[in-house]
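Quick notes on the structure that follows.
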Amino acid sequence: YTNTPTVAAWFLTHDHGDHSHMLTFDYDRIKAAGIKVENIYASAISKAELDDSGVSGGRYVNLFDKLPNAFGANMHRVHPGQVITYANCEIDILYTLEAWVDGDPAITPQAGGYNHSSVIFKTTVTDSASKKTMSVFNTGDGSGQAMQLAMQIFGEEEIKSDIAVATHHGSGSGDDSMIVKTVKAMAPQIVLFPRGATGL
């Protein structure tokens, strides 16, 4: 047993301050606290990919250029369909901007900025004794179009979750009707709304 926490896997959904800057800018404070980060997962989107997606009005920052190597952490780029396993946790990557670039042409990208590049993933935890599972659907700031693509690609059964983290902190992002349709398909028992104190 140690009092020093170790983060096996840190997932960055996208490069907006309220989702990634604790790691990308405050790493000295994290290290000073004795926290060790072993693996960092992100979607390192290139400028060309952003241009091809039709996303405009946002900002391009390659997370892998900014992520500090001071941790000695292994850096990983995630892709749709990838499955990452840690102990009794299985993380399914359901959407990155790659899916939009190669996605259904019937879903037209809207000018919504960098939120469209959010990584959407589902974590399923299995209790080793009872074998019961609990799943959490994490949307980051993913737009309605992004969530719809995840559902189209992987199916409604795959996105069903016990717990869902509300996209964009419960605010609209892209097509709200698509967000509502996807959340209904998730059918979560619990919805989490991560908000700062000023948003309450």
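So which of LYS36/LYS181; LYS31/LYS184; LYS131/LYS181; LYS36/LYS122; LYS132/LYS181 end up more than 32 Å apart, counting from Cα to Cα? Too far apart for the 32 Å limit: LYS36/LYS181; LYS31/LYS184. Obtain the nm distance between the two label points defined at LYS160 and VAL180 by a simple spin-label model: each point lies 7 Å from its Cα along the Cα-to-C-beta direction. Here the answer is 2.3 nm between the modelled labels.
For ASN3 and MET75, what is the calculated FRET efficiency with R₀ set at 22 Å and r taken between the beta-carbons, to the nearest 0.05?
0.25
Note on GLU90 and ALA187: their simple-model spin labels are 1.9 nm apart, each label 7 Å out from Cα toward Cβ. For PHE11, the accessible surface of its heavy atoms amounts to roughly 40 Å² (probe 1.4 Å, protein chains only, rounded to the nearest 10).
The values are calculated or read from the model by the stated rules, or taken from the named source; none is laboratory data. Computed from a predicted structure; not experimentally measured. Using ideal geometry, Cβ is built from the backbone for each residue, glycine included, and neighbour counts are taken over all protein chains shown. Protein only, heavy atoms only, side chains kept; ligands, DNA and RNA dropped before computing areas. Shrake-Rupley method; radii C 1.70, N 1.55, O 1.52, S 1.80 Å.
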